[in-house]
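For reference, the structure is listed below as structure tokens.
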Amino acid sequence: MMMEATLSARDAGSKPVIRSARRLERRSMMLWLLPPVAWFTVFMLLPYALLFYYSLGHSQDMRFVPGFSFHNFVRVFTDEPYLGVILKSARIGLMTSILSALVAYPLAFALAFHVRSAAVKFALYLLVIVPWWASYLVKAYAWKTILGTGGILNATLQGLGVTDEPVRLFLYNEFSVLLTLTYIFTPFAVLSIYAQLERVPTSLIEAARNLGAGG
Amino acid sequence: MTAEIELRDLRKRFDAHGAGAGGWAVDGVSMRIGRGQFVTLLGPSGCGKTTTLRMIAGFEMPTSGAILRDGQDITDQPVTDRDMRMVFQDFALFPNMTVAENVAFGLKTRRMRGRYSAADIRRRVGEYLDLVRLGGHSDKRPHQLSGGQKQRVSLARALITDPEVVLFDEPLGSLDAHLRKVMQIELIRLHRELGKTFIYVTHDQDEAMAMSDAIAVMNGGKVLQFGSPRDIYDRPTSRYVAGFIGHAHIVEATVAECDASGLTVTTGSGETVRLNEKAAVTRGQSVGLMLRAEDLSLGEPGEGELHGQVADSLYRGEYIEYVVELNGNAGVVHVHEPTHLAPFAHGAAVALKVNANKAHVVGGA
């Protein structure tokens, strides 16, 4: 900025009108940038800086004592339960991503290449999007009513005589967490994969088929 | 001549929401294309030429009609089985592959498995890259190539599997004028060297004239005329073809006489022109007298069959182009005159001499 200002001041003699117009334009641009930059600073950078500041200190008698030590960081990566919880979250996240992608890809592929009718395409698209309108919590509870001991799944299994007692295996374990998370994030995967597949030019697919691929 | 590809009353209508909704994109195209011929489908955009080509390739299913190959009906045959390679206007090179991988694609498909060893493929890719003069570019990615180079890769990719028929969908459409000329010569050379059947789609009449053995002029989903470039240029059968190819001028006239050696027509302004053509017309029939710039020459009044006034003259370097307004509101014609002759002034009354061997009449209103 300083450099620019000096330059324009020196050139001011040669093209004063253009220079001042540019400066004005730059100033108005800065004005427009101010709100988002201020927002980002106050609500993102500042809290992170505070958090980082606290992370270097420690607590004593329930009070924060400032300091300069990486002890807290060492604890996170060595002590239970921190490490175990972090790894478990990462594993569930990874599994959810993989499962969502596996479920989403065929649908996105069909949507992009096989569904010809615009109406059918729209209907499928809507079916993918509608779950987004319900909150995360509601969707989690919906699965509870399906998987729980008094839920639809158990009622069906008992009704069919597959089991006498409600099966408790479905709920409160990693399986149900994965299932629910996969359900929640599959639409996201469908939309992002579909958006990419849609951009593949038809001529590339035609060229490949013309050269004897697929079919 | 046996027809390698035969189109029988081919028709195509797209769904209501598609392009050309409701109407016939292709409306009864019949054509016989001989082995080794270079045939061009020529017409303005929307005339059905690309749809016809795409039906031959198998990308579009005809609404009715049939496509035959060596007498066998292939209308329902899938694209992958047709053994016809297409060269696309946007090149359609696979961006995730190198030039060599793109070219080798057709040799590596499942149905080709086992037919070529890795060494065979490498040697063949090298040969075909040399054929299209792209040796040394094999490890580049498509985005590193110029438009002309991309089209050469696309050509090599199409030719490497040794197909009998190669289809071209406006392959030079996205290249600049100079490169287009270079590639035209290249395509003619490849056609001559390889002896394959080329079916070529373009809206550029110069391209069609320069390269083709035969041209099908299309409009409104129909083939208006199918013949050699010379036939189509010299003896168009309709006003549309006469106007579309080489910008001929049509002067309204009536047949005054016709006999074994030719015919005489009278224009609206009462002037008579003699033609050495044996046309299937009858006396009194109204026809269009087709006049091309190069078949006319200017003279002083009385030195030619038609008369008019010089409205404009344009110095073109190779020749002077005169714009002459014909007497009796018969329209304007352009005449090319050698530059060494004494120029005619603006507004001068002139006579037009018609080359009786080249003048031609087209029937119909």
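The values are calculated or read from the model by the stated rules, or taken from the named source; none is laboratory data. Predicted model only: the values in this text are computed from it and were never measured. Reconstructed Cβ throughout: ideal geometry from the backbone, glycine too, with neighbour counts over all protein chains shown. Ligands, DNA and RNA are stripped out before the accessible areas are found, and what is left, the full protein with its side chains, is counted by its heavy atoms. Shrake-Rupley method; radii C 1.70, N 1.55, O 1.52, S 1.80 Å.
Of all residues being outside any strand (DSSP E or B) and of a type in the set (S, T, N, Q) in segment B:307-331, which is farthest from B:Glu294 (Cα to Cα)? Just the residue, please.
Only one residue tops the list, namely B:Asn329.
Any chance you could count how many residues in segment B:76-110 are assigned to a helix (DSSP H, G or I), facing another protein chain (nearest Cβ under 8 Å) and surrounded by 13 or more Cβ atoms within 10 Å (Cβ to Cβ)?
4
Of the residues that sit in segment B:111-133 and are open to solvent by 80 Å² or more (accessible area, probe 1.4 Å) and not in a loop (DSSP other than H, G, I, E, B), which one is nearest to B:His143 (Cα to Cα)?
Of everything passing the filter in segment B:111-133, B:Asp130 is nearest to B:His143 (Cα to Cα).
Would you mind telling me which numbered condition in (1) buried (at least 16 other Cβ atoms within 10 Å of the Cβ); (2) small (Gly, Ala, Ser); (3) at pLDDT 90 or above B:Ala279 fails?
It is condition (3) that B:Ala279 fails.
Give the residue that is farthest from the other protein chains (Cβ to nearest Cβ), with candidates limited to residues of segment A:164-205 that are within 30 Å of B:Gly58 (Cβ to Cβ) and buried (at least 19 other Cβ atoms within 10 Å of the Cβ).
From segment A:164-205, those within 30 Å of B:Gly58 (Cβ to Cβ) are A:193-205; that's our starting set.
Within this subset, residues satisfying the condition of being buried (at least 19 other Cβ atoms within 10 Å of the Cβ) are A:193-194.
Numbers: A:Ile193: 17, A:Tyr194: 19 Å.
Ranking the candidates gives A:Tyr194 first.
Would you tally the residues in segment B:252-268 being among the polar types (S, T, N, Q) and open to solvent by 50 Å² or more (accessible area, probe 1.4 Å)?
2
Do we have A:Thr96 as exposed (fewer than 14 other Cβ atoms within 10 Å of the Cβ) and of a type in the set (S, T, N, Q) here? Can you show your working first?
On the way: exposed (fewer than 14 other Cβ atoms within 10 Å of the Cβ): no; of a type in the set (S, T, N, Q): yes.
When the stated conditions are applied, A:Thr96 does not pass them.
Determine whether A:Trp132 is surrounded by 17 or more Cβ atoms within 10 Å (Cβ to Cβ), more than 30 Å from B:Ile56 (Cβ to Cβ) and either under 22 Å from the mean Cα position of the chain (by Cα) or basic (Lys, Arg) (or both).
no
Tell me, which residue of segment B:53-75 that is part of a loop (DSSP other than H, G, I, E, B) and of a type in the set (D, E, K, R) is least open to solvent (accessible area, probe 1.4 Å)?
Only one residue fits best here, namely B:Glu60.
Condition test on A:Gly161, is it of a type outside the set (Asp, Glu), within 14 Å of chain B (Cβ to nearest Cβ), in a loop (DSSP other than H, G, I, E, B) and over 16 Å from A:Leu107 (Cα atoms)? Even if it seems obvious, please write down each step before you answer.
Details: of a type outside the set (Asp, Glu): yes; within 14 Å of chain B (Cβ to nearest Cβ): no; in a loop (DSSP other than H, G, I, E, B): yes; over 16 Å from A:Leu107 (Cα atoms): yes.
For A:Gly161, the condition - of a type outside the set (Asp, Glu), within 14 Å of chain B (Cβ to nearest Cβ), in a loop (DSSP other than H, G, I, E, B) and over 16 Å from A:Leu107 (Cα atoms) - is not met.
Yes/no per residue for (1) touching a Leu at 6+ places or on another chain (Cβ under 6 Å); (2) hydroxyl-bearing (Ser, Thr, Tyr):
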site	(1), (2)
B:Val201	yes, no
B:Glu207	no, no
B:Asn219	no, no
B:Val223	no, no
B:Gly246	no, no
B:Ser261	no, yes
B:Met290	no, no
B:Ala293	no, no
B:Leu296	yes, no
